[in-house]
Amino acid sequence: MHKLTLAQQAKALAAKQISSEELTRHYIDRIEAHDGQLNSFITVLAEQAIEQAKQADADRHQTSVLKGIPIALKDLFCSDGTATTCGSKMLDNFVAPYDATVVKKLKQAGVVTLGKTNMDEFAMGSSSESSFYGAVKNPWDTSRVPGGSSGGSAVAVAARLASASLGTDTGGSIRQPAALCGITGLKPTYGRVSRYGMIAYASSLDQGGPMAVTAEDCAYLLQTMAGHDDKDSTSVDLPVPDYVADLEQTVKGMRIGMPKEFFEQGLDSEIAAHIQHACEVLTSLGCEIKPISLPNAELAIAAYYVIAPAEASSNLSRYDGARYGYRCQNPRDLEDMYSRSRSEAFGEEVKRRIMIGTYALSAGYYDAYYIKAQKIRRLISQDYSQAFAEVDAVLSPTAPTTAFKINEKSDDPVTMYLSDIFTIGVNLAGLPGLSVPIGLQSGLPVGMQLVSNYFKEDVILRLAHQYQQQTSHHLQIPASFE
Amino acid sequence: MALTNDDVLYIAKLANLQLGDSQVYQYKRELTRILDFVEQMNSVNVDHVEPMAHPQEMMQPLRADVITEFNQRAKFQAIAPATQDGLYLVPKVIE
C-alpha cells in the first residue's frame, strides 16, 4: 500500500478497495519498524490516527479526495492538544492550545495525522541536525543528512512512512530536503497559504507547503491548504484555481529560463548533467529552454542572513519563560528568568541567529545591515520580475550538492548557509518554487527546482507533473525501505 | 567587521542571552565570520534602491472591529510554568 501515491491511495479508498484504518495501521507499523534508524518523527500519534481513520471510514459518503489519507506534520504546525516542539528544548513541554489554519482545513477534509516530524530547531538549518531530539538520517544513506529544515517531513515521505507531509520553507526548507531525499516539495507563493498557527521564524519569508511523492499529490494538498484566512492578514484573498484539473493541460510552448549565474563556476558536473537530461525531457514535451540572467543572485544568501535573523530575533523574543515553554530552575529575579531560560533552552544556531539579528537591528548598524539587505532584496525581486517578462518558469538545480555527511558542515555555519544558494532568492522575492527528483548520483537523489511567477503554482505543478509522466525518478524508494 | 568581546556581551544583553567566558570567544569568532560573509552586500551600489520589507506591497486589509476571540484563559494557563488565581507567576519584581 505504501508504494501507491497519495492520488492512487485516494482512488483505492474511494473504491473501498482499502480502508483508511488499514492504510493508517500499515504506516504506523512502518514507522515502528523503521523510524528508529531515521529519527524522522518527534511524536507519533498512533491511537489518535487510528481513531481519525475509523471516522473517515465510517463517513465515506463525504467527498474530499484527501479523506482518510495519513500524513505527517512538521512539528511547527500547532495542532490542538498535541505536543508541538519546533525541534527545541524551549517548547519540549508545549502542548498547542489550538489548530493552525492549514491543520484545521486538512482535518475538515478528513486527513489522518500520523504524527509530528523532526526538524532543525525553530526551522533554522539546512541539515536537520540541530534538533533537540537528535539528527534526522537520510533513508538513501543513513550516514548522511536529509537536508533541512523540514528534514523529518522529507524523510517520512521518502521512506514511505507517510503518504505525504507538510513542511515550511523560509530559505529552502521544503525544496532542499525534498531534493536531498528524492521527493516532490512545493513552496507556494508568499500569502497563498495561511501562516496562522505556524510557529514563526522569519515572518516575511515563511510559507507552508506540501511534500509528497508526486506533483499531483502536492496539487491535491495545496488545493485544500490554499486560500485566504482572516487570522493571517498576509494571506491573500485571491481565488484558488483547480490545480488538479490543470495538471493535464499541455506544457507545449512554455518558455523555461535557465539562469546563467547558476550554471557558471563550480556547479557539480554530474548535477549539471542531470539537469541537462531533465531539460531534454521538457524539450520533448514542447517546452522552449532559453538562457536568462539573475544578475544579483549571488547576493541572496548575504541579504537573507541579515533579514531572516533580524526577523527571528524579534519573533523569538516571545520566549521568555513567563507564559509557556521552558523556565529555568530557581530564577534569582525577572531578568535572570528571561535570560537564563533563553540561554538554557535555545540551541547554538538559534542563539547565533538571534544575536546576528539583534546586531543588525541595533542602533548604529540598522542602515548598514538591515536596510541594505532590504535594498538587495528589491534587486533580487526585480531580477525575477524581469525574467518572468520573458519566461513562464525558471529552472535550476535545487541544491548545489547531493546529501552531505552528518557533521560535515555543522562546525562552520557559513558553509552550511551556502547549501541554499539556489532556493533563497525565491523566498526573498516571495515566489512559488518546487523541487522534483531527476535521478540518482552515486545512489543519492538530485532535485530540479522550478520557479514561477506570483500565484502561478499551476505552472510549476503542471511542468513537474508532465515531467513525471515521462520519468520514474520520483517513484524510486531507498532499498532498505521498499 | 571584527567584533570585540564587549560587542558580543552587549549583543547578548540586548538579546537577553547569558554567555559563559568560553562562549564569548566562540560567538565572537562565529558572528564575525557571518558578518564578514554578509559584507559582500557592499559589492553593489544600492543608493537609489527602495528597501523591500515584504513580498506583498499592497495595503494591509482592515476588518470590522468585532470580537473574534473568546476567553480561553484556563486552557492557555494549563501550559504555563506557574500560575495562581488566573495570574501568571514570575519572580518578585517589587519588594
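Cβ contacts < 6 Å: first residue among the hydrophobic types (A, V, I, L, M, F, W, C), restricted to segment A:34-48; second residue open to solvent by 30 Å² or more (accessible area, probe 1.4 Å), any location; separation 6+ or different chain. Result?
A:Leu38/A:Lys137; A:Ile42/A:Tyr133
Can you name the residue in segment A:87-121 that is within 14 Å of another protein chain (Cβ to nearest Cβ) and open to solvent by less than 10 Å² (accessible area, probe 1.4 Å) and is also farthest from B:Pro81 (Cα to Cα) among such residues?
The extreme case among them is A:Ala96.
Working carefully through the options A:Ile376, A:Ile421, A:Ile438, A:Ile371, find the one that is aliphatic (A, V, I, L, M), in contact with a helix residue (DSSP H, G or I) (Cβ under 7 Å, 6 or more places away or on another chain) and closer than 23 Å to A:Ser314 by Cβ.
One residue alone meets the criteria, A:Ile376.
May I ask you to verify whether A:Ala399 is touching a strand residue (DSSP E or B) at 6+ places or on another chain (Cβ under 9 Å), crowded, with 24+ Cβ neighbours inside 10 Å, on the phi < 0 side of the Ramachandran plot and among the small types (Gly, Ala, Ser)?
yes
Those residues that are closer than 13 Å to B:Asp7 by Cα and at the interface with chain B (Cβ under 9 Å from one of its Cβ atoms), I need them from segment A:338-364; list them, please.
Of everything in segment A:338-364, those that are closer than 13 Å to B:Asp7 by Cα and at the interface with chain B (Cβ under 9 Å from one of its Cβ atoms) turn out to be A:Met355, A:Ile356, A:Thr358, A:Tyr359, A:Ala360, A:Ser362.
Within segment B:60-71, does at least one residue satisfy the condition of being more than 28 Å from A:Ala429 (Cβ to Cβ), in contact with a helix residue (DSSP H, G or I) (Cβ under 9 Å, 6 or more places away or on another chain) and at the interface with chain A (Cβ under 10 Å from one of its Cβ atoms)?
Taking every residue of segment B:60-71 in turn, none turns out to be more than 28 Å from A:Ala429 (Cβ to Cβ), in contact with a helix residue (DSSP H, G or I) (Cβ under 9 Å, 6 or more places away or on another chain) and at the interface with chain A (Cβ under 10 Å from one of its Cβ atoms).
Using the structure shown, decide if A:His228 is surrounded by fewer than 22 Cβ atoms within 10 Å (Cβ to Cβ), out of contact with any helix residue (DSSP H, G or I) (no Cβ under 6 Å at 6 or more places or on another chain) and within 14 Å of chain B (Cβ to nearest Cβ).
yes
Quick test of your reading of the structure: A:Leu267 fulfils all but one of (1) away from chain B (no Cβ under 14 Å); (2) at pLDDT below 95; (3) open to solvent by 70 Å² or more (accessible area, probe 1.4 Å). Name the failing condition by number.
(3)
Quick check on this structure: which one of A:Asp367, A:Asp336 is open to solvent by less than 10 Å² (accessible area, probe 1.4 Å), among the acidic types (Asp, Glu) and in a helix (DSSP H, G or I)?
A:Asp336
State which residue is farthest from the other protein chains (Cβ to nearest Cβ) when the search covers only segment B:1-47 and only residues that are touching a residue at least 24 places away in the same chain (Cβ under 8 Å) and farther than 22 Å from A:Ile371 by Cα.
Filtering first and then ranking leaves B:Thr4.
Filter segment A:385-396 for residues that are outside any loop (DSSP other than H, G, I, E, B), open to solvent by 10 Å² or more (accessible area, probe 1.4 Å) and in contact (Cβ under 8 Å) with a residue 60 or more places away in the chain and give the result.
A:Phe388, A:Glu390
Name the residues in segment B:15-58 that are polar (S, T, N, Q) and open to solvent by 80 Å² or more (accessible area, probe 1.4 Å), would you?
B:Ser22, B:Asn42, B:Ser43, B:Asn45
Considering each of A:Ala308, A:Ala303 in turn, give the residue that is buried (at least 16 other Cβ atoms within 10 Å of the Cβ), part of a helix (DSSP H, G or I) and touching a Lys or Arg at 6+ places or on another chain (Cβ under 6 Å).
Just one listed residue meets the conditions, A:Ala303.
Applying the selection to segment A:407-438, what residues are part of a strand (DSSP E or B) and surrounded by fewer than 21 Cβ atoms within 10 Å (Cβ to Cβ)?
Passing the criteria: none in range.
Any residue in segment A:413-422 that is at pLDDT 95 or above and touching a strand residue (DSSP E or B) at 6+ places or on another chain (Cβ under 9 Å)?
Yes - at least one qualifying residue is present in segment A:413-422.
Which residues, counting only those in segment A:311-324, are in contact with a helix residue (DSSP H, G or I) (Cβ under 6 Å, 6 or more places away or on another chain), at the interface with chain B (Cβ under 8 Å from one of its Cβ atoms) and either crowded, with 24+ Cβ neighbours inside 10 Å or aliphatic (A, V, I, L, M) (or both)?
Hit for segment A:311-324 is A:Gly321, nothing else.
The values are calculated or read from the model by the stated rules, or taken from the named source; none is laboratory data. Treat the numbers as computed from the prediction; the structure is a model and nothing was measured. Note that each Cβ is placed from the backbone with ideal geometry, even for glycine, and that neighbours are counted across all protein chains shown. Heads up: the accessible areas ignore ligands, DNA and RNA and are worked out on the full protein's heavy atoms, side chains in. Shrake-Rupley method; radii C 1.70, N 1.55, O 1.52, S 1.80 Å.
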